[in-house]
1. Name the residues in the range 61-79 that are surrounded by 14 or more Cβ atoms within 10 Å (Cβ to Cβ) and in contact with a strand residue (DSSP E or B) (Cβ under 6 Å, 6 or more places away or on another chain), would you?
2. Suppose we filter the range 47-69 for residues that are in contact with a Lys or Arg (Cβ under 6 Å, 6 or more places away or on another chain) and assigned to a loop (DSSP other than H, G, I, E, B); how many remain?
3. Does the range 16-30 contain any residue that is surrounded by 15 or more Cβ atoms within 10 Å (Cβ to Cβ), modelled with pLDDT under 95, part of a helix (DSSP H, G or I) and of a type in the set (Lys, Arg)?
4. Checking Glu52 against (1) touching a residue at least 24 places away in the same chain (Cβ under 8 Å); (2) acidic (Asp, Glu); (3) in contact with a helix residue (DSSP H, G or I) (Cβ under 7 Å, 6 or more places away or on another chain), which single condition isn't satisfied?
5. Please state which of the following conditions Glu42 fails to meet, knowing it meets all the rest: (1) under 17 Å from Ala16 (Cα atoms); (2) touching a strand residue (DSSP E or B) at 6+ places or on another chain (Cβ under 7 Å).
6. Within the range 27-34, identify whether any single residue is touching a residue at least 60 places away in the same chain (Cβ under 8 Å), more than 14 Å from Arg81 (Cα to Cα) and touching a strand residue (DSSP E or B) at 6+ places or on another chain (Cβ under 8 Å), and answer yes or no.
7. Which one of Ser34, Ser43 is assigned to a helix (DSSP H, G or I) and of a type in the set (Ser, Thr, Tyr)?
Amino acid sequence: MTDTADTRSHMPLGLAQRGYTGVIQHLSAKEAGSALSDVELESRLIELGFVEGARVEVLHEGLVGRDPIAVRVDNITIAVRRREAMAIIVA
C-alpha cells in the first residue's frame, strides 16, 4: 500500500488553495517570518493540533488577501494566518 504523502511534493500550508488536503510532515517556524519566536510559534501550532501525521484540509480563505484561512485538522476547524501557516509543511 502506498502512502500518498510519499508521492506528493512538500510545501508550506500557507501556499495551499481552498480545497487542498494533505498530511502534516513537520513544522518549520524559521520559514514563517512570524513576529513570534520560532519556539513559541511551534508550541502554539502543536497546542492547536498541527502535529506530524495529522490530516489537514483548507476549508475557507478570507476575503482580503485570502487571509486568514480556515483549516480542518483531523476533526477540528481552526482559523490560522497564512504567515503562520507557512511554518506547517504538508504533502
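The values are calculated or read from the model by the stated rules, or taken from the named source; none is laboratory data. Model, not experiment: these values are computed from the prediction. In this analysis, Cβ positions are derived from the backbone assuming ideal geometry, glycine residues included, and neighbour counts consider all displayed protein chains.
1. If the condition is that a residue be surrounded by 14 or more Cβ atoms within 10 Å (Cβ to Cβ) and in contact with a strand residue (DSSP E or B) (Cβ under 6 Å, 6 or more places away or on another chain), then Glu61, Pro68, Ile69, Ala70, Val71, Arg72, Val73, Ile78 are the ones that fit.
2. Within the range 47-69, residues that are in contact with a Lys or Arg (Cβ under 6 Å, 6 or more places away or on another chain) and assigned to a loop (DSSP other than H, G, I, E, B) number 2.
3. No, the conditions are met nowhere in the range 16-30.
4. (3)
5. (1)
6. Within the range 27-34, one or more residues are touching a residue at least 60 places away in the same chain (Cβ under 8 Å), more than 14 Å from Arg81 (Cα to Cα) and touching a strand residue (DSSP E or B) at 6+ places or on another chain (Cβ under 8 Å).
7. Ser43
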